[in-house]
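The structure appears below as structure tokens.
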Amino acid sequence: MAGLLACLAVARVTPGADLPTDLPAAPGQTNPVVRTLEGGLLEVGTVRLDPQRRTVTVPAFVNLREGMIEYVLVHSGGKTHESLLRTDAQPRDMHLAMLLLGARGVGTNALPIDPDLSLPGDPITVEIRWTAGRRARVAAAEELVYDRRLGSALRRGRWTYTGSRLREDGFGAQADGSMVSLITDPDALVNNPRRGREDDDNWLAKATRLPEFNQPVEVVITLLPRAAARR
């Protein structure tokens, strides 16, 4: 994964941030800046990371409240016609933030589609947070997706931070805008390890708890200890 990172970006770190500064930029891309915020938080583009809580927070918007979906989160220039949420945050900024937290991902050119085979990568959780009136709301991403095979919401549990493959045309997640995927997608940063991931007709939006279309939310990814991947 260090080789993949070397093809992505250079982090120009603001004073006080104890982070690497020798990450080369991809040709023609603006180098992302890692900024130090109050309270020990860091920011890459519009993506915020909390090293103490091991979280990465991505600002997003409600994109679909019903219908078939294949993604929980994509970039606004990506496959928005099949994603629950969309974001203007850059996939490479989210990836850099995760790497700075210690995620490794895999960056392989293929992921096992066979649901009996586990996905390689780092265990994470994915939560959606928003404000309703003055009240803070939170839901696991699984609560907002209907699994047709099970006849219920997606089974609760971890997701897998797989990273994204490096293609001839560049970093896959940046090129396609795929960030959190329900189907097996080697270009997505996060993949769904559950059964049914091989079936792109299996997932429906179950977003009645979310705000209306276009309303802002936050996607919060928590990096778990790697031992959790064996559970």
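Values quoted throughout were computed directly from the atomic coordinates according to the rules given, and no laboratory measurement underlies them. Everything numeric here is computed off the predicted structure, so don't read it as measured data. Here the Cβ is made from the backbone with ideal geometry for all residues, glycine too, and neighbour counts use every protein chain on show.
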With unit charges on the beta carbon (Lys/Arg positive, Asp/Glu negative), name the residue among Asn191, Val217, Thr131 whose Cα is farthest towards the positive pole of the charge dipole of the range 110-231. Thr131
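What percent does the relative contact order of the range 95-202 come to when contacts are Cα pairs within less than 8 Å and at least six residues apart? The partial results should precede the final answer.
Working: 197 pairs, mean separation 29.7, N = 108.
Relative contact order here is 27 percent.
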How compact and how long is the range 82-212, expressed as Rg and Dmax of its alpha-carbon atoms in Å? 14.9, 47
